[in-house]
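Quick notes on the structure that follows.
The values are calculated or read from the model by the stated rules, or taken from the named source; none is laboratory data. All figures in this text were calculated on a predicted structure; none of them were measured in a lab. No Cβ is skipped: glycine too gets one built from the backbone with ideal geometry, and neighbour counts run over all protein chains shown. SASA here: full protein model, heavy atoms, side chains in, ligands and nucleic acids out. Shrake-Rupley method; radii C 1.70, N 1.55, O 1.52, S 1.80 Å.
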Amino acid sequence: MQLMRYKAALAAAGLAATLGLTVTAVAQKAPTAKPKSVAVPKVIPGFDASAMDTSANPCDNFYQFACGNYAKLHPIPNDLPEYDQFVSLYEFNTAALHRLVVQAAHAGPNRSANQQKIGDYYQACMDTSQINKDGTAPLKPMLDRINDLTSKKQLPALLADLNNQDVTAFVNFGSQQDLKDASKEIAVIDQGGLGLPNRGYYFRKDARSVKLREQYVQHIANVLHLLGDSDAQAQSEAKNIMQLETNLAQSSMGIVERRDPHKTYHIETVKAFAPTVPVLNMPEFLKAIGAPPVSSLNVAVPGFFTALNKTIQDTPLSTIKNYLRFHLADSYASRLPEQFDQENFAFYGRDLTGTPQQQPRWKRCVNSTDSALGDALGQLYVAKYFTPSQKKEALTMVHGIEAAMGKDIEQSDWMSAATKQKALQKLHMIADKIGYPNKWRSYAKLTIKPDDALGNSMRARVFESAYQLNKIGKPVDRNEWFMTPPTVNAYYDPSQNTINFPAGILQPPFYDKNEPAAVNYGHIGAVVGHELTHGFDDQGSQFDGKGNLDDWWTPQDKKNFNERTACIANEYSSFTDAGLHVNGKLTLGEDTADNGGVHLALMALMARQAMDGGHISGPAATGMAAKYTPEQQFFIAFAQNWCSNMRPQMTRMLIQSDPHAPDAIRVKGVLDNMPQFDKAFSCHVGQPMDAAKKCSVW
Ligand SMILES: [Zn+2]
């Protein structure tokens with residue numbers, strides 16, 4: 001239910017800087033090493049006149065009109081799978097975080113405990129000479145444990161430890177809010193163990209998919225070879241591992257099916273579940289994983305575990321050992337000697353997303369500092385880059401958009417009074433979270449050393465697992481965030497019933513204090529509306545105000561709702577990009593949120609304008625923006641959220657794995673449905689942007 005596509009893909013492939021002013025920073029082994037300049041990317045203004053192609057007719061192709069020059073002006077840097085508005089802000093934030101981590105690394109003997117952790121984590125990650133010198137030694141204890149396996153009976157304890165290190169071989173164990181009792185945190189065990197993005201990748205028959213699988217098998221072989229196996233040995237082991245993963249994929253649930261929350265919710269007692277997977281020896285697995293005592297858990301995909309039992313029984317122990325060695329090493333590739341790191345990029349960056357070059361190390365190290373120590377680094381970030389007035393303005397906008405949603409519900413002509421009342425109840429119970437958490441997490445129990453990159457990463461992962469598992473059986477903390485403060489993204493959480501906007505996205509071009517309100521409502525307003533609408537899309541609408549999976553719809557209203565969402569799913573399924581059809585069933589929730597988001601943001605803008613006597617106080621439009629009416633500025637700004645330039649491989653990967661439609665389609669799909677857009681640009685039926693059939697949910 002996030003706004004943006006794969007953050008992970010971006011992080012893996014890296015982000016390069018466009019040149020702007022530079023700051024001096026110290027990379028590699030400070031303080032003796034040479035200071036390196038780090039480019040700080042230019043801030044893109046809210047209304048980006050340079051991206052527009054005003055020779056295009058907005059009624060023919062609005063994306064071309066709003067973003068037609070963007071790709072020309074923003075060629076994709078070699079170390080990126082794409083460039084877009086999110087990436088440009090992400091680059092800016094990464095440069096900002098870089099300054100903070102370098103400062104922390106050099107803050108002197110009196111630095112705070114958090115500064116020590118941030119600074120040393122970054123420093124150790126950058127220290128490639130130490131990493132190369134250490135070789136695979138830091139992994140040796142875990143590799144030995146795998147090599148020493150003599151019986152499958154020893155697997156459960158080992159798999160538990162690997163799970164705690166975020167190496168999810170075979171299974172994925174953790175905590176989650178109980179979908180039907182949102183006040184409780186419970187244990188969950190889910191399918192896992194695939195190295196390709198999802199189930200579909202193992203079975204598609206087209207030439208590209210076949211080739212990608214061959215490349216993956218070669219990647220497995222290369223990693224095993226780096227671990228010391230002979231070439232011939234590695235090649236044959238890789239084939240066996242691929243067969244093993246294909247068996248796991250066979251019984252895994254696909255991404256479209258997983259969108260239905262009922263399909264991944266099966267509460268079972270440990271007593272009843274354990275005999276279905278004797279190979280996991282559940283009592284032993286649970287003991288080893290160190291979770292608080294559990295008597296029942298959510299078995300997300302029961303069929304997977306019965307099949308897993310047979311797969312493990314039928315697979316030779318030697319193949320299982322190689323499978324575990326491969327995933328362990330690949331998972332820590334960026335903290336191992338550079339051949340591992342390069343090999344990992346060669347598959348996940350180059351083959352999978354078409355990116356020719358790896359992201360510079362400093363960016364990857366800043367990023368992993370943010371994921372390991374998010375609340376520590378986040379505190380420094382918000383102190384510098386997020387003011388109380390930004391927070392206040394964001395909250396005003398959020399309240400306005402929530403009021404618009406209330407009005408939209410009340411005015412709808414397809415819902416009964418009873419369902420409307422329930423919908424309003426849910427709306428009023430949504431918690432608005434802006435910028436950063438009220439309470440910061442403590443990292444006191446996490447040890448970070450200045451010369452132990454892999455150890456730091458391992459301890460940080462174990463620390464995080466323990467934190468997540470420790471929630472089991474405890475009340476839910478609705479104040480908790482699942483994104484770090486500098487993240488350029490936003491999300492709705494159906495179990496918490498919260499909308500969350502990290503400080504990292506409340507920045508230009510999404511929110512720009514120098515731009516008129518119409519532009520900001522088109523940008524961040526549409527983002528706010530998007531997240532709010534997720535509470536009422538085909539998934540969110542199945543949860544009530546308390547966050548429980550609970551049907552609050554009358555049958556007739558549900559039928560009306562389903563007809564409306566089917567219209568959206570059909571609309572988006574008709575679109576194609578990079579030679580592939582969009583899967584409207586996979587993107588339905590995001591498409592519904594995109595449509596509702598723009599509609600609600602525009603309603604809120606108009607309401608605010610009326611309240612302010614026809615003219616919202618704040619900066620007036622200047623330059624090219626002044627040539628357009630506020631409504632036109634709003635639609636241009638919305639479209640410019642999605643200006644982008646993407647490699648075709650990346651587009652294909654996203655269509656096959658990401659629940660968001662491709663960028664240009666996110667613009668066309670929404671505007672096709674909006675009479676307000678047709679009015680603002682005087683489009684008429686028969687022109688491509690004014691679809692005769694209009695879909696609408698919210
Ligand atoms: Zn979303």
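Worth a mention:
- Between H684, P337, V277, the Cα set farthest toward the positive side of the dipole of the chain (charges on each charged residue's Cβ, about the Cα centre) is that of P337.
- Whole-angstrom gap from segment 580-625 to segment 147-194, using each part's C-alpha centre: 42 Å
- Segment 376-499, accessible surface, carbon-and-sulfur percent (1.4 angstrom probe): 55 percent
- Rounded accessible area of V382 (nearest 10 Å², 1.4 Å probe): 10 Å²
- Counting only protein heavy atoms and a probe of 1.4 Å, the accessible surface of segment 137-335 is 52% carbon and sulfur.
- Each stretch of four or more DSSP H residues adds -39500 (n - 2.57); spread over every residue of the chain, this sum gives -15000 deg cm²/dmol at 222 nm.
- Under 5 Å from the amide H of V38 lie the amide H atoms of V23, A25, each residue being 5 or more positions distant or on a separate chain, with H modelled from the backbone and absent for Pro and chain starts.
- Student exercise, segment 137-335 dipole from Lys, Arg, Asp, Glu Cβ charges, in Debye to nearest 20: 300 debye
- 27 Å Cα-Cα reach of K239 towards lysines, excluding residues that sit fewer than 8 places from it in its own chain: K140, K152, K153, K205, K211, K310, K321
- Summarising the label geometry, the points placed 7 Å from Cα in the beta-carbon direction at Q556 and Q342 lie 6.9 nm from one another.
- Probe 1.4 Å - accessible area at W552, Å² to nearest ten: 20 Å²
- One Cα centroid belongs to segment 380-450, the other to segment 650-698; the line between them spans 26 Å.
- Of all DSSP beta bridges in segment 137-335, antiparallel share, percent nearest 5: 85 percent
- Listed by chain and number, the aspartates and glutamates whose C-alpha is less than 19 Å from the C-alpha of K679, apart from same-chain residues fewer than 8 away, are D60, E631, D690.
- Dipole of the chain, positive end: most advanced residue of V382, G135, W362 [Cβ charges, Cα centre]: G135
- Surface analysis of the chain yields an accessible area of 39 Å² per residue, using protein heavy atoms and a 1.4 Å probe.
- Neighbours of A578 by Cβ distance under 10 Å: Lys/Arg scored +1, Asp/Glu scored -1, total +1.
- Between the Cα long axis of helix 302-314 and the first principal axis of the chain there is an angle of about 30°, rounded to the nearest 10.
- Label-point separation, N57 to A692 (7 Å along Cα→Cβ), nm: 1.8 nm
- Angle in degrees between helix 231-250 and the longest Cα principal axis of the chain, rounded to the nearest 10: 50 degrees
- In Å², nearest 10: area of D84 left accessible to a 1.4 Å probe: 10 Å²
- The chain shape via C-alpha gyration tensor axes, a/c threshold 1.5: prolate
- Bridges between two residues of the chain, per DSSP, are antiparallel at a rate of about 75%.
- The phi-based Karplus calculation (6.51 cos²θ - 1.76 cosθ + 1.60; θ = phi - 60°) puts the 3J(HN,Hα) values of segment 691-697 at 5, 5, 9, 10, 9, 8, 10 Hz, whole numbers, x for Gly and Pro.
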